[in-house]
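All remarks here apply to the structure that follows.
Coordinate-derived values only; no laboratory data. Quantities reported herein were computed from a predicted structural model and do not represent experimental measurements. So basically every Cβ, Gly included, is an ideal-geometry build from the backbone, and we count neighbours across all protein chains shown.
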Amino acid sequence: MMTTGLRPPIFLIGNYRSGTTITQKLIGLHPDIVTWDEPRTLWLYADPTRRHDEFGENDATEKVVRYIRTRFLEYQSRHGNRQIMENTPSNVLRVPFVHEIFPEAIFLYITRNPFSCISSMEIKWQRTKTLKGLKRTLEVTPVTQIHHYAKSFIKQFITKKILGKKYTPSYGPRYKGIEQDLKDCGKLTVIARQWARGNRKAREDLARLGTGRVFSFRYEDLMQDPEPVLRGIYKHCGLDCDDNIVRAAKEMIDPGRQQKWLRLDPNELAAIIPEVRDEMEIYRYEVPSLLVENGARPTRAPLAFQHGHPDIPSSG
């Protein structure tokens, strides 16, 4: 089902804490783009009671397609008919669902060093949703489904504020089996699996879209040498990237935020290397020497990672 007047949305696919927010802001510098930041419950419309975030083509019924596309068109209309650039991190687990609803969409894919992601996610696991965040969630939630998310917020509040637990009941992409893993495994192991399984599923599903459909890049490359990566992103999206945009982007970027994972126990990090090693090698990430010293086996000698279209290999 095509919605008349809806411009092809740009979807930024990337795991939690992988740099999607800053990337969205950089793309939002273009005057013809309006960004939409994490309308999470919109993507759960098909089944808000599902205990995981994995949705496929079969979940995109005519009713679901009509509802989500209509909401996108409404958002576009409220913002001067500008093209929507959307970012919801849990979509790493439902690329086929997103593509079934928006076959005309433009896809971008970002990944980030797992240790930086794991460190940042571990902090987020300790925080409850703010009232501002709850308000933003409810703004895109159908009235008939609000009670599902109110229960989640109350559960988080009780867990953190009343019971005094260190971690909230849930954060990040809910892969199939995460509930059992939360019972059986340590928190860092679960977070490592969120990174590895989310990245692997997104990578394999995006590869199936075909040659040239997706522009892939690493967060580290965008931070260290933003201009070529940014120009590649804009070109893929059919947008002009003039020198003023590049200049503004460089002023927004802080490349010095990539070593915060050092706050974590190196022995605990070394223990989760088996969870992330395979995906690390695909994205040309090395095991840091500090963790090798603590017993982790190094990854294979890395090749140069080149951002662009060829770098989303499928394991299939």
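Here is how the numbers come out for the structure above:
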read-out: Among 110, 168, 24 the positive-end extreme of the charge dipole of the chain (Cβ point charges); value: 168
read-out: Length released on extending from residue 127 to residue 143, taking residue separation times 0.36 nm less the Cα-Cα span; value: 3.2 nm
read-out: For the stretch 220-273 versus the stretch 161-197, the gap between their alpha-carbon centres in whole angstrom; value: 26 Å
read-out: Efficiency of FRET from Cβ geometry, residue 47 and residue 176, R₀ 22 Å, rounded to 0.05; value: 0.95
read-out: Charge dipole (debye, nearest 20) of the chain; +1 at Cβ of Lys and Arg, -1 at Cβ of Asp and Glu; value: 1260 debye
read-out: The stretch 113-210: relative contact order in percent, alpha carbon pairs under 8 Å with at least 6 residues between; value: 36 percent
read-out: Difference of contour (0.36 nm per residue) and Cα-Cα distance, residue 278 to residue 185; value: 31.5 nm
read-out: Reciprocal of mean inverse Cα separation for the chain (Kirkwood radius, Å); value: 20.4 Å
read-out: Signed unit charges on C-beta, dipole axis of the chain, positive-most listed residue 216, 285, 97; value: 97
read-out: Residue 58-residue 81 pseudo-label distance in nm [points 7 Å out on the Cα-to-Cβ vector]; value: 4.1 nm
read-out: Distance histogram for the stretch 1-84 (every C-alpha pair counted, 10 angstrom bins, percent rounded to whole numbers); value: 15, 43, 35, 6
read-out: Rough spin-label spacing in nm, given labels placed 7 Å along Cα→Cβ, for residue 74 and residue 209; value: 2.5 nm
read-out: Gaussian network model of the chain, Cα within-10 Å springs - most flexible of 154, 273, 13; value: 154
read-out: Dipole of the stretch 98-167 [Lys/Arg +1, Asp/Glu -1 at C-beta], most positive-end residue of 120, 137, 154; value: 154
read-out: Extension reserve of the residue 150-residue 292 stretch, reckoned as 0.36 nm per residue once the Cα distance is removed; value: 46.7 nm
read-out: GNM top mover of 162, 84, 68 - the chain, alpha-carbon springs below 10 Å; value: 162
